[in-house]
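For reference, the structure discussed in these notes is given below.
The values are calculated or read from the model by the stated rules, or taken from the named source; none is laboratory data. Only a predicted model underlies this, so the values are computations on that prediction, with no experimental measurement involved. Here the Cβ is made from the backbone with ideal geometry for all residues, glycine too, and neighbour counts use every protein chain on show. Surface accessibility is based on the protein's heavy atoms, side chains included, excluding ligands, DNA and RNA. Shrake-Rupley method; radii C 1.70, N 1.55, O 1.52, S 1.80 Å.
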Amino acid sequence: MIEFNHVSKVYPNGTTALNEVDLQIEDGEFVVVVGLSGAGKSTFLRSINRLHEVTEGEILINGESITKARGSSLYRMRREIGMIFQNFNLVRRSSVMRNVLSGRVGYHSTLRMILGLFPREDKDIAMQALERVNLQEKAYSRADELSGGQQQRVSIARALAQEAKLILADEPVASLDPMTTKQVMDDLARINKELNMTMVVNLHFIDVARQYATRIIGLREGEVVFDGPVGQATDEI
Ligand code: ADP
Ligand code: ADP
């Protein structure tokens, strides 16, 4: 469970990107965060795994404060959070397998990772993750030989290989066409159901949100202006 207690984020230039946000997200939910560009969606998501510090308030994950976590506990908490970005964040010249294996890095010593030595077990885990997004046949292709939609599904497989308990996706389909958007969103929905994986996904378009979300959170100027089931969400969010 994710719990926002009175969370605000003010950037150094004075922009208030989140304004006293209070909400809870339960395990297994598929939450879509919608709002216009600049509404605070990205700031909301980045606050959860502490890609930046919030200015006020606290965020708890399964009752533990990520806001206050230090050192190894912060590291452990982050390891359970998979992050998916608009631009995939893959190492383009590496193989798909290598990219998915990079989700395993946090499970091994630094020395082992400098040498690039992943145990057999990790390769099995990575291959299973690729099977879940139906890309096992692309395991030894170079990442940049894949289409945009396939690359995004590789980044989903990387989060699975990381054994994330929660996936945060920041505009995962913003650079994709409608057909590949559907493939990526279908994968997220299937993983949500099959693994009971909590999903928090930022989306530009409310119509895509409606097809997949169990709950919609609408942001405007850093404030939660809507929070409820899909059926009640109007186009004005
Ligand atoms: P969204 O993801 O909904 O487009 P953002 O969270 O990116 O919104 O941005 C929310 C607000 O915060 C916007 O006004 C944006 O310009 C501002 N903002 C985002 N990042 C920064 C930053 N690093 N420094 C200053 N202002 C920022
Ligand atoms: P998005 O809309 O996808 O969240 P942006 O293109 O708005 O991303 O922002 C790209 C980067 O610039 C981010 O790191 C964001 O934090 C930063 N940024 C966004 N708005 C501002 C701003 N007004 N001042 C400074 N940095 C900003």
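Can you compute the label reach from Arg210? Point 7 Å from Cα along the Cβ direction, backbone N cut-off under 16 Å, restricted to segment 26-48.
Counting only backbone N, you get 32-35.
So which of Lys9/Lys138; Lys138/Lys165; Lys138/Lys193 end up more than 32 Å apart by C-alpha? Present the calculation step by step, with values, prior to reporting the outcome.
Working: Lys9/Lys138 41 Å; Lys138/Lys165 25 Å; Lys138/Lys193 24 Å.
Pairs exceeding 32 Å: Lys9/Lys138.
With a bin width of 5 angstrom, please list the P(r) values of the chain as percents of all Cα-Cα pairs, from the 0 bin to the one holding the largest distance.
Taking all Cα pairs of the chain, the binned fractions are 1, 7, 14, 18, 19, 16, 13, 8, 4, 1, 0 percent.
Quick one: among Glu223, Glu194, Glu58, which has the greatest mean-square fluctuation in a GNM of the chain with alpha-carbon springs under 10 angstrom?
Highest fluctuation of the listed residues: Glu194.
If segment 1-66 were replaced by its equivalent ellipsoid, with semi-axes equal to the square roots of 5 times the Cα gyration tensor eigenvalues, what would those be, largest first, whole Å?
19, 15, 9
Any idea what % of Cα-Cα pairs in segment 62-158 are farther than 24 Å?
Numbers: 1272 of 4656 pairs.
Tail of P(r) above 24 Å: 27 percent of Cα pairs.
Just the number: Rg to Rh for segment 170-210, Cα atoms, Kirkwood Rh, two decimals. Working shown, then result.
Details: Rg = 10.1 Å, Rh = 10.6 Å.
Ratio of gyration radius to Kirkwood radius: 0.95.
Of Arg112, Arg78, Arg98, which has the largest mean-square fluctuation in a 10 Å C-alpha GNM of the chain?
Comparing Arg112, Arg78, Arg98 in the GNM, the peak value goes to Arg112.
In nm, to one decimal, how far is the Gln128 label point from the Ile114 one, both placed 7 Å along Cα→Cβ?
Placing both labels 7 Å along Cα→Cβ, they lie 3.1 nm apart.
Counting only protein heavy atoms and a 1.4 Å probe, tell me what percentage of segment 55-151's accessible area is made up of carbon and sulfur. Before the final figure, lay out each step's value.
Working: 2600 of 5520 Å².
Carbon and sulfur: 47 percent of the exposed surface of segment 55-151.
Which angle from 0 to 90°, rounded to the nearest 10, does the C-alpha axis of helix 148-161 make with the longest principal axis of the chain?
Between helix and principal axis, roughly 90 degrees.
Quick one: check the C-alpha center-to-center distance for segment 43-85 versus segment 173-194, whole angstrom.
Between the Cα centres of segment 43-85 and segment 173-194 lies a distance of 25 Å.
State in Å² the accessible area per residue of the chain; use a 1.4 Å probe, count heavy atoms of protein chains only, and round to the nearest integer. The partial results should precede the final answer.
Numbers: 11440 Å² over 237 residues.
Accessible surface, normalised per residue, equals 48 Å².
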